[in-house]
Each structure stands twice: as C-alpha cells, then as structure tokens.
Amino acid sequence: MSVEQRESLITAAFEGKPKKNTYSPYSKFAVGAALLAADGTIFKGANIENASYGGTICAERTAIVKAVSDGTKSFIALAVVTDVPSAISPCGMCRQVIREFCALDMPILLVPGDYPKPPGDESEGKPGVTAGGVKETSIGELLPDSFGPEQLELPRTGGRLTPRK
Ligand SMILES: [Zn+2]
C-alpha cells in the first residue's frame, strides 16, 4: 500500500462516519470503515443499528458485504475510524468476518477520531502506532489461532463419537 493509498483509505473511512451515513441512534457511537480492494477501488461502510439490537451491522461488515456483493473478494487494507480520540478495534464478530475475506497479514488501520495526532502525542511509540496516531495491526494479530475456510477443507474422521482406543 502506497502512502497515497493509505491517506485515501483513511479519508474514505472518515467519509463513512458522518451522521448522514452512520445510523447509530442507540449506541451514539459512529463508526466509519473503508476497504481497499486489490484493483484500487475503495468500499466505504458505516455502522447501521437496529431497534432489535441483534440486527445491528458494524461499519467493517457493511464495507465487506458491499464489496463482496459487488463481486470483489481481494483486498489490500482496511481502515476503521470512530468518534473517540483513540484507535478502536473491530468487535469479535467483525474480526471473524474480516478473517473470511482478508489475508492474515493484511494491514488494518485503526484511526483515532482526531486523526492526525500531532508529533509528540502520548500514543507515539506505543506498539503498532504509526504516523498520525494510527494503530496498524492485522487480523492475524487481532484474531490469533482463528478458524477459517481452510479448516473446512480438512479430512474428516468419519463421524466417530468416541475417542480412539
Ligand atoms: Zn463489529
């Protein structure tokens, strides 16, 4: 990912977050996400909540579902931004969905809501924190020892219900 792509992706994540895009009347926690596809397309997402709380869809999953339903399944990077002035991590459910479609080492940029932080900010020097206070991580780090599609390809034991003696 080039410096220009990184900046475009972060900008797109912010564009997902404004009130007109996010629907977060219950949590009042606006989240924007942007997913960079291998062909350079950026898919934007926002969190879309529901009065039946379980129907809520996070910004990360919104972006992934938009991309995949448009026929794109190859991604280079993901950026996530919220309303709070620190890097916020994807929830557990989103981590599993990211795991389905993204390489374990694909960059995930967790962008503070007040990005860019000035040089000398207290976040500077913390593990994974890069320019502007962005925490750079990956799904391999966020979801270690994860279950993924390749496990479903493993040979089966034939449905035995007792341990081998
Ligand atoms: Zn989530």
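Points worth noting:
- Residue 146/residue 38 FRET efficiency (R0 22 Å; Cβ-Cβ; nearest 0.05): 0.55
- Contour excess over end-to-end distance, with Cα ends at residue 28 and residue 124 and 0.36 nm allotted per residue: 31.8 nm
- Magnitude of the charge dipole for region 3-153, about its Cα centre and with charges confined to Cβ atoms of Lys, Arg (+1) and Asp, Glu (-1), is about 540 debye.
- Karplus (6.51, -1.76, 1.60) ³J(HN,Hα), θ = phi - 60°, over region 102-114, in Hz, Gly and Pro reported as x: 10, 4, 4, 9, 5, x, 10, 9, 9, 9, x, x, 9
- Backbone N within region 1-33 under 18 Å of label point (7 Å from residue 74 Cα along the Cβ vector): 1-2
- For the pair region 57-126 / region 42-56, the C-alpha centres are spaced 15 Å from each other.
- Stretch gain in nm, segment residue 161-residue 66, where the contour uses 0.36 nm per residue and the Cα spacing is subtracted: 30.1 nm
- A simple packing score, the average count of other Cβ atoms within 10 Å per residue, orders the peptides 27-36, 64-73, 88-97 as 27-36, 88-97, 64-73, with the highest score first.
- Protein-only accessible surface order, largest first, of 83, 39 at 1.4 Å: 39, 83
- Solvent-accessible heavy-atom area per residue, rounded to whole Å², over the chain at 1.4 Å: 57 Å²
- Within the accessible area of the chain, the carbon and sulfur atoms contribute 58%, probe 1.4 Å, all protein chains present.
- Ratio Rg/Rh, restricted to region 3-153 and using Cα atoms, in which Rh is the Kirkwood radius: 0.96
- Candidates 161, 78, 102 compared by Cα position along the dipole of region 63-165: farthest toward the positive end lies 161, with charges placed on Cβ.
- Label reach from residue 5 (point 7 Å along Cα→C-beta): in region 106-124, amide nitrogens under 19 Å belong to 106-111.
- Accessible surface comparison of 84, 3, probe 1.4 Å, protein chains only, largest first: the order is 3, 84.
The values are calculated or read from the model by the stated rules, or taken from the named source; none is laboratory data. Just so it is clear, the model here is predicted, and its values are computed rather than measured. Cβ coordinates were reconstructed from backbone atoms using ideal geometry, including for glycine residues, and neighbour counts include every protein chain displayed. For the accessible areas, the whole protein counts, side chains as well, though only heavy atoms, and no ligand, DNA or RNA atoms are used. Shrake-Rupley method; radii C 1.70, N 1.55, O 1.52, S 1.80 Å.
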